[in-house]
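Enquirer: One structure is given below, represented as structure tokens, and several questions about it will come after.
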Amino acid sequence: MQSRFGLSGSLIDNEEGQEYTPAKIGDGVTSLGLVSLFDYENAAETILPKGLWDFIAGGADDEITLRRNREAFDRIPIEPRFLIDVSDRDLSTSVLGMDIDVPVMIAPAGAQRHVRPEGDLATARAAARTGTIMIVATTAGYTIEEIGAATNGPLWYQLYHYDDGITAEMIARAQSSGFLAICITVDGIAARGKHRDIRNGFVLDPSLGLANVRHREDIAMALREAALSQRPTAGLREKNALSWRKIAWLRSLTDLPIVIKGIMSPLDAVLAVEHGVDGIVVSNHGGRLWDGTLSTIEALPRIAEIVEGRLEIYLDSGVRRGTDVLKALALGARAVMVGRPVFWGLAIDGEEGVLAVLEILKNEFSQAMAISGKLTTKEIGPEVICNDAG
């Protein structure tokens, strides 16, 4: 059954003309019986148009990495501990010196306005209400300034490097808007188009995105042409690609901490340390750009071992349960990021839906800490994982 968006952001069934009214959230559970992120995923699929759904859900090529991201988490068992007083648990942590209430952040993700008109603004407000950080995407549907003004919560800015001029401009705008860190995504080089999008002939509506680069007609036009031809936009970024030698230049542009997103190799993690980077995100872009790689939770232990605490490590791709958060922290991450679940929450109930998704993860993580006998996130280490299984 096909659906389309009404002007209010609700969904209207084309055949029956009936408007879909999102349920209101209460204690992380809607009247639709959505009690897990998988419930939100299933519900969102039923109401979003197929092309948009496949754009959000799909991965590169055969989607091996997409599946592996999830399956690898499932293969890691937790070792439970009991007879420990865990009645007063503290879920908070700090990232780059910023205190957050739970080690779950919002990954940078464009196209949110395609799901709800308020898009990134709703997500920013939900993150603030949860006490965590949103990383705002370069390709967001609202400008840096609009998102910064929409929330009093902490924000980082995610940067794609199209050319030196716009990179310098974006960093200056983010800093002046009160953003607290710059997160540079580096894994878009030579990326492949997703087969689902090519088969569907799906193209994002440029009027609902690219808010921060629209004034640069050369870049906006190149991005639109890439979308229309079903080519990945990475080719635009290859022309003036960042390299390690430009990290010092980036440092000269800002006093904000710099995080590199897209690290999957211990060798690159070492280079990040050597170049004075403040943090890295172990990420394969949710399996969206490349296929046939390790999952991030598989890559994490070797990276954490070689880094030896010399910079902060975060992880994304495949996090769907509070136990996943526990496992990531046990294997060396300071915090995790979630991307696709944000779209599911937006589709179901806008800001309240994103809040519900975050609260579900928060509650599940609290329960996972209790089962592991941990009172604080600082106590979580490799002993949480059962290494003798199988």
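Enquirer: Can you count the Lys pairs in region 3-384 whose Cα atoms are under 25 Å apart, with each pair 8 or more apart or on different chains?
Expert: Taking the Cα cut-off of 25 Å, the pair count is 15.
Enquirer: Could you tell me the center-to-center distance, by alpha carbons, between region 341-355 and region 48-65 in angstrom?
Expert: If we compute the Cα centre of each part, the gap is 18 Å.
Enquirer: Using a Gaussian network for the chain with springs between C-alpha atoms less than 10 Å apart, which of these wobbles most: Ser295, Ser177, Ser243?
Expert: Ser243
Enquirer: Ok, one more. Can you give the % of DSSP beta bridges in region 88-182 that are antiparallel, to the nearest 5?
Expert: 40 percent
Enquirer: Which shape class applies to region 258-390: rounded if a/c is under 1.5, otherwise prolate when a/b exceeds b/c and oblate if not, where a ≥ b ≥ c are the square roots of the Cα gyration tensor eigenvalues?
Expert: The shape class here is oblate.
Enquirer: Once you order the gyration tensor axes a ≥ b ≥ c over the Cα atoms, which shape class does region 288-328 get: rounded for a/c under 1.5, otherwise prolate or oblate by comparing a/b with b/c?
Expert: Oblate.
Enquirer: Can you list residues whose amide H is under 5 Å from Leu155's amide H, if they're 5+ apart or on another chain and H is modeled 1.01 Å from N?
Expert: Long-range HN contacts for Leu155: Leu180.
Enquirer: Considering only DSSP beta bridges where both residues belong to the chain, give the percentage that are antiparallel (nearest 5).
Expert: For the chain, the DSSP antiparallel bridge percentage is about 30.
Enquirer: Moving to a separate point now. Any idea how far apart Asp74 and Asn363 come out in nm if each label point goes 7 Å out from Cα toward Cβ?
Expert: 2.4 nm
Enquirer: For Asp61, what residues show an amide H to amide H distance below 5 Å, using hydrogens built from the backbone and excluding near sequence neighbours?
Expert: HN-HN under 5 Å from Asp61: His195.
Enquirer: Let me ask you something else. For the chain, what is the charge dipole size about the Cα centre, in debye to the nearest 20, if Lys and Arg each add +1 at the Cβ and Asp and Glu each add -1 at the Cβ?
Expert: The dipole of the chain has a size of about 660 debye.
Enquirer: Sticking with this one: At 0.36 nm per residue, minus the direct Cα-Cα distance, what do Thr46 and Val203 gain on full extension? Give it in nm, one decimal, please.
Expert: Full-extension gain reported as 54.5 nm.
Enquirer: Any chance you could check the Cα centroid distance between region 278-317 and region 318-332 for me, in angstrom?
Expert: Their Cα centres are 12 Å away from one another.
Enquirer: Provide the per-residue ³J(HN,Hα) series for region 353-366, in order, calculated from phi with Karplus coefficients 6.51, -1.76, 1.60 and θ = phi - 60°, each as a whole number of Hz, with x at glycine and proline positions.
Expert: Whole-Hz 3J(HN,Hα) from phi for region 353-366: x, 5, 4, 5, 4, 5, 5, 4, 4, 4, 5, 5, 5, 4.
Enquirer: Mean separation of Cα pairs under 8 Å and 6+ residues apart, divided by the residue count of the chain: what relative contact order is that in percent?
Expert: 25 percent
Enquirer: Report the extension gain between Ser92 and His275 in nm, rounded to one decimal, defined as 0.36 nm multiplied by the number of residues separating them, less their alpha carbon distance.
Expert: This chain segment gains 63.0 nm when fully extended.
Enquirer: In nm, what is the difference between 0.36 nm times the number of residues separating Asp101 and Trp244 and their Cα-Cα distance?
Expert: 48.2 nm
Enquirer: Moving on. Amide H of Ile184 versus every other amide H placed in the peptide plane: which residues, excluding those fewer than 5 positions away on the same chain, fall under 5 Å?
Expert: Leu159, Val259, Ile260, Lys261
Enquirer: Pop out the ³J(HN,Hα) list for region 78-87 in order, Karplus 6.51 cos²θ - 1.76 cosθ + 1.60 with θ = phi - 60°, rounded to Hz; leave Gly and Pro as x.
Expert: Result, rounded to whole Hz: 9, 9, x, 10, 10, 6, 10, 6, 10, 6.
Bear in mind that the values in this text are calculations on the coordinates, not laboratory data. Worth saying up front: this structure is predicted, and the values here are computed from it rather than measured. Cβ sites come from the backbone with ideal geometry, for glycine too, and all protein chains shown count toward neighbours.
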